[in-house]
Each structure stands twice: as C-alpha cells, then as structure tokens.
Protein chains: 2
Amino acid sequence: MAVTMQDIARDLNVSVVTVSKVLRNQGRISAVTRKRVLRRAKDLHYRMNWVARSLVTRRTYTIGLLLPDFTHPFFAEIARAVAQTVRPHGYHVIISYSEEDPKLEISEADSLLARQVDGLIIASSQPVRRLTLFKQIQARKVPYVLIDRPIAGLQAPFVGVDNRAIGRLATEHLIARGCVHIGHLRGPDIGIAAQRLQGYREALANHGLRMPTSYVVDGGHGDQTGYEGMRRLLRARPIPDGVSCYNDPVAIGAIKAILDLNLKVPHDICVVGAGNVQYSDLLAVPLTTVDQGTCQIGARAAELLMERIGLKRPTRSTRPKKILILPKLIERQSTRR
Amino acid sequence: MAVTMQDIARDLNVSVVTVSKVLRNQGRISAVTRKRVLRRAKDLHYRMNWVARSLVTRRTYTIGLLLPDFTHPFFAEIARAVAQTVRPHGYHVIISYSEEDPKLEISEADSLLARQVDGLIIASSQPVRRLTLFKQIQARKVPYVLIDRPIAGLQAPFVGVDNRAIGRLATEHLIARGCVHIGHLRGPDIGIAAQRLQGYREALANHGLRMPTSYVVDGGHGDQTGYEGMRRLLRARPIPDGVSCYNDPVAIGAIKAILDLNLKVPHDICVVGAGNVQYSDLLAVPLTTVDQGTCQIGARAAELLMERIGLKRPTRSTRPKKILILPKLIERQSTRR
DNA sequence: TTGTATTAGGCAATCGATTTCTTGAATACA
DNA sequence: TGTATTCAAGAAATCGATTGCCTAATACAA
C-alpha cells in the first residue's frame, strides 16, 4: 500500500490537516512541525495522491488533446509544443485521436470530459455546421481551444495559421523569382485549401497578373494525387514555369511528375510547397515551402487554454480570441535559380 | 455543477448505491428500477466522475507513455499504436517526453506515478547501469514495460526490434542483389548501433565474405553525418558497391554523397536504410529499408502492459517477457537493379 | 485584570463514487 | 403455519486528500 498523509500524521502525532498544510506550504505552521513533517515525508518516500486531491479541488491538472492523427508530423509537433508549454504549469496531456471520424471524436471528447480534464485542445474533424460537440463541452463549462481547423459559426478561441497568407507568400515568392506562368495545385479540403487558393489569387491580383483557369488543378492531399495533378497541369499551355502547391506531399509528387517529363526543377519550373514537413530538405530536390509555425500553434493554444483555465469566472465579456500565426517562407533548392 | 449519482438518486427516491449498481450493471436490481435510473441518467446527461471512481477502485484507466521525443516519427507511431491498443480496454494515455534527459525522465516518471497511472511504457534514456528509476517504479508496484531500448541488468518486460536481424537482413539483401563490396555506415548509439553492425558482420560471415575494416565507417544518426560518413567510405578501395546504413536518415545522406560524386544509385552502389520512416518513398531515390515493425512494438507493449495490469497478483513466478519484433525488408528503388 | 489579536493546529464535513454488510419483504418449501 | 431462501435495496464505511471553522495558548494593549 502506498504511503498516505495519514501515515505521516500518525507517526508524528499530528493531524492530516497539518500534514496537508505543510505539503502545500499553506496555512500557519510552526517551523518545527514543518520540518518534522517534511522530514518524515521524505523518509517514507511520500508521494501525493493526485486523484484524491483532484476529487476535492476539482482540478486534475490534466488537459485533453484531441487530434485527428498524431502520427502526422504536423500534429506530432503540436502535441510536443502543447506538452512543453503546459508542463511548467504542472499540467499533463492526455492524447486522443479521432482518425478523422466525427463520431469517434465525440465519444473521445466525452470520455476525456468524464476524466475531468481541466481543458481541451481540439483539431476537430466535425463536419461544417455540426456544433453539438462544442455545445456539449460548453454546457459542461470546460474551457477549450480549437486549433488548425476553424469551425464556422462557433464563438470559440482558435489558434491556427493564416492560410490565405500561405497561398500569398508562396505565390509572391514565385513572382519574385521571375515566374510568369504560375499554377496552383489545390487541395481537397474545403476550408483550408480554399483559403490557400484564395491567397494564390490575391497574390496574382496584387501584381496585376492573370492566369488561365486551367492553371488551377486539383492536387489532392498526397504525393500520389499531387503527381497526377501535376501531369494535368503540365498539359496546360503555355506550360507553367512556377507552381504553388496545397502542401508538401503534393509538391513532392508534383516534382516527380516534372522530373519524369525530363524537365528540371527549378530551372524549368519552380515548385513551392506548404507545411515544411520534416525531411523537406532531404528530398530529390529540397523543397521551398511555407512554414506554418507548427510549434507556435501548439504553444499559443496551450497558453490560451492555461489562461482560460486560470480564471475561475469564465469571462463572458471578452470575445474569444482568434490567433492567426503568420507563416514564413523557407527557401530551398526548388525555387532557387 | 455537474450531475452526480446523488442527483439521480434524490430525484428517484433511491440510494446512490442503487444508482451506482445500475450504472455498472452489477448487483441485483429490478428491471423497473434499472429502467428508471437509466432513464433519469440519460435525461440529466449524467457522466461518471472518473476521478471519484478511481479514488476508491484504485484504477485510473490511464497509462503513462514516457518517450524521449514523440515528434520523431518512430515514437509518434508507437504512441498511436499504444493509444489504439489500449482504447478498447477503456484506457487513456498520458504522454510525457524526456528530451533524452535522464533527470527529466525520472521526474516525469515520478509525476506520472503521482497521478496514479495504472502502468507505464517507457523508452528510457537512462544511462547504462542506472537502475534507480526502475527500482522506484517496482517499489511502487506499478507495472511497466520497456520499449525500444533494453536496459542491461534489469528484469523487466521489454518489447523491441531485433537489431541484429536488421543488420543481417539489410546486408543479406545486398548480397542477394549481387553486391560484393559491402560497407556499413554505423550509428553512434552503443547498444542498438552495435547490434546492427553485428548483424552486418554475421551476414557477411554466413556467406563466407570478408570486408576490409575500412568498410565500416561512423555515419552518425542524421543525414548530415551520413553524408560525411559516406564521403569517407567512398575513399575506400575498391569502392563499395553496396552500403547498409544504421538508419534511414543516414542512408539518405549517403545517397546524396554518392549522387554528388556522379555515381548512380542503385546502378553503381546499392543503399539500404533501416527504420522505414514516413516519406521513404518520396525521396530522390526511394529507399530500400528494413521496417522495424514500429506499430507492432507499440501494440505488443500495450498488450503486455494490459496483461500485467490485469493480474492483481504480480506473478513473480514467470520471468518477465522479452519480445523481439522481427524486422522486414522493404525493397524500393535504391537496391533494385 | 480584562479584553483583543495572533498563532498553531485540529475537528468535521466534503468531494463522488464503490464495497461490504444488513435488512425487510416476498416467495418457496416442509 | 412456520421456517428457509431469495431478492431488491439501502446504511455505513472507505478511498486520500482539502476546506472552513473552531479552539487553546500565548502575546499584547488598555
């Protein structure tokens, strides 16, 4: 059986209350008693039972992190940043993943709440306009922060990257590198992909450029689909001399397609990805990409959550913060000419 | 305030005990009462308070996963496999990472134990012969399983990959592909790297081959060091026509070095990595590698832990299991000729 | 001397469940 | 009819802490 405060109290002929107070540095305790308690606690290798404490304080010092998939480097890095940020506050992170399944996401969220987590960070895969999950969480008055994927029509704190800026940055970089026929391999995802596409268009517009509609092609979200998308894009005339891609895997697929046609990257065609995934610099042609500040997303989200957990009274007054991380262009081989 | 069993009991004029029994499907309860309780619970959106339950049952249905770094795809995948495996048992996973810092690892383990986790899975970064951490855990009688890195002199369940087999498989594959001058870029890590090196030597010996000592070169553990290692290896005479590498990043660096000298992979030199990291097939030359069954490691470790948590009496009788996952060769471009 | 503060520490209730033991009523059996 | 058995439900103790209020002792001021 583990050592409890009772054991210490009994040994020292004091009450558990006294022990508890000493161990929390709280209340008025004489130096002598304090020393005795501390001493005995150390001797017995006493460790607090956090479950018991949590029951009465209603704080578990645990947050839930609900992601679609933490194998993906993007989410893995977020997880690390979150864990790192909350650690100094004495918090731990319970992970959970939904595999992009809205039902599973709800049941996992439920189960995290049952464990009395003090807060939640969610990259939700709920379909648009399905707010039940969030309403439930709100009803339980558990603070939460959304990340990566904003939910339309929801008043909730959010941390994500500025996807329009990503599209803009990538495209402007191509323009700066002298590309004049700039295509875009767009992604499948409605929200994010659409915004990156919009950024692409904005950049063009800002520079008074117009591209044929055949320059925007669906590139899916993986290297396979990126490859196929690029094949299609390469049939456009004039052949593009620059491509901005929905994400890195798509860009990698695109580069393959280009090389397979005996064209050169970046000599004939420049390629920009987005995401700055690990190993981006180990590829056939190291990929210029837009870094989406993954660490920052995790860290800011965690900070925001800590803040909201901190204030007991959920201040209805202030509107929930939305934080947009500014992406940053990372130039590598694939556009350097 | 959240709904408790009390609320249900009061509403129905029954005792909490009855409610508790119904909700756990335990004890003798009449169909009528059961229905009433269930009904009311649903109406009030009752959710169990797991903290309270844990206090008395001494089960938190939570395990701790202590890794050096879960940003690394290897560990990320293990984390996923673990979470997936324990989910059906009603378990959740608290993650913690040590950043390869033994001190931090100890304090994190401590803090996980204070949270009353039911078990621990650890990829430890304790230096050799420092068993204090594990002795501590054992003293608390919390089941644990080591993964990836075995700890010498410790009687503890372990799940990892057979590293000798990795070296052997890689090298035998090169032999099968007709390579006759086979080098090895070894890693820095004493335990694992040494075993892979040994596997390399075994394979050669099994086929009656002998290589000059200059064929074994330190390749570090990243692509940068792998690049440099390969440069050195390329100065050996005769120039190797096959290289087995400590891990994938090293192999990727090696391929770069080879290509930079205007040699062709696999035509002039075959390269085999180890680890089968994500994106291995997106590289300049898709990399033949030895898959180390990452998922399996996580899954088996989790199963083992569930098993040990299951039996109340820690059976001292059976010696702790050591499970070695058999690696598997994945052939891609870099050796296909 | 009396009254008021201050200090050190403990009592009892509480958090929200589970567990063990009882109890009273209904039913079965002799 | 009397006794044994079964059944549904509850009382009380418990898990290991925290919290608010109380008390006794000492110090200080009037």
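Taken together, the values in this text are just the output of simple stated rules run on the coordinates, not laboratory data. Bear in mind that the values here come from a model prediction, so they are computed numbers and not experimental data. Please note: Cβ atoms are built from the backbone with ideal geometry, for glycine as well, and neighbour counts cover all protein chains shown.
Summary of values
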{"quantity": "Under-5 Å amide H pairs with B:K322, H placed in peptide plane, nonlocal only", "calculated": "B:F158"}
{"quantity": "Candidates B:Q155, B:Q198, B:Q292: whichever shows maximal mean-square fluctuation once chain B is modelled as a Gaussian network with Cα springs under 10 Å", "calculated": "B:Q155"}
{"quantity": "Bins of 10 Å, starting at 0 and running to the largest distance - Cα pair percent for region A:115-225", "calculated": "13, 35, 25, 18, 8, 1"}
{"quantity": "Other copies of A:P212: label-to-label distances in nm, shortest first, labels 7 Å along the beta-carbon direction", "calculated": "5.8"}
{"quantity": "Convex hull per residue volume in Å³, alpha carbons only, for region A:163-321", "calculated": "124 Å³"}
{"quantity": "Residue of B:P266, B:P143, B:P127 that the Gaussian network model of chain B assigns the largest fluctuation, springs spanning Cα pairs under 10 Å", "calculated": "B:P127"}
{"quantity": "Spatial extent of region B:35-92: Rg and Dmax, with the Cα atoms as the point set, Å", "calculated": "16.7, 51"}
{"quantity": "Fewest-first sequence of B:S214, A:S125, B:S124 by Cβ atoms within 10 Å of each Cβ", "calculated": "B:S214, A:S125, B:S124"}
{"quantity": "Antiparallel %, DSSP beta bridges [both residues in the protein assembly as shown], to 5", "calculated": "15 percent"}
{"quantity": "Under-5 Å amide H pairs with A:V243, H placed in peptide plane, nonlocal only", "calculated": "A:G183, A:C270, A:V271, A:V272"}
{"quantity": "With eigenvalues of the C-alpha gyration tensor scaled by 5 and rooted, region B:222-265, Å", "calculated": "15, 11, 9"}
{"quantity": "Per-residue Cβ neighbour rank within 10 angstrom, fewest leading, B:V56, A:V82, A:V3", "calculated": "B:V56, A:V3, A:V82"}
{"quantity": "Other-copy label distances relative to A:Q333, 7 angstrom Cα-Cβ extension, nm", "calculated": "1.1"}
{"quantity": "Which of B:N49, B:L185, B:G153, positive extreme of dipole for chain B (C-beta unit charges)", "calculated": "B:N49"}
{"quantity": "Restraint check, A:K42/B:K103; B:K256/B:K322; A:K256/A:K322; A:K35/B:K103, Cα-Cα greater than 28 Å", "calculated": "B:K256/B:K322; A:K256/A:K322"}
{"quantity": "Cβ-Cβ FRET estimate between B:H89 and A:D69, R0 fixed at 25 Å, reported to 0.05", "calculated": "0.75"}
{"quantity": "Neighbour-count ranking [beta-carbon atoms within 10 angstrom, fewest first] of A:R59, B:R36", "calculated": "A:R59, B:R36"}
{"quantity": "Kirkwood hydrodynamic radius of the protein assembly as shown, from inverse mean 1/r over distinct Cα pairs, in Å", "calculated": "27.9 Å"}
{"quantity": "Chain B: most fluctuating residue of B:V265, B:V217, B:V19 per GNM, C-alpha cutoff 10 Å", "calculated": "B:V19"}
{"quantity": "Efficiency of FRET between B:K42 and B:R319 - r from beta-carbon atoms, R0 56 angstrom, step 0.05", "calculated": "0.70"}
{"quantity": "Taking the C-alpha atoms of region B:1-130, convex hull volume expressed per residue in Å³", "calculated": "145 Å³"}
{"quantity": "Per-copy distances of the B:G27 label point, shortest first, in nm (7 angstrom along Cα→Cβ)", "calculated": "3.3"}
{"quantity": "Chain B pair-distance distribution - Cα-Cα, 10 Å bins, rounded %", "calculated": "5, 22, 24, 18, 14, 8, 6, 3, 0"}
{"quantity": "Estimated dipole of region B:186-337 in Debye, rounded to 20 [Cβ of Lys and Arg +1, of Asp and Glu -1, Cα centre]", "calculated": "720 debye"}
{"quantity": "Nitroxide proxy distance, nm - points 7 Å out along Cα→Cβ at A:A194 and B:E100", "calculated": "4.5 nm"}
{"quantity": "Relative contact order of chain B, defined on C-alpha pairs under 8 angstrom at six or more residues apart (%)", "calculated": "16 percent"}
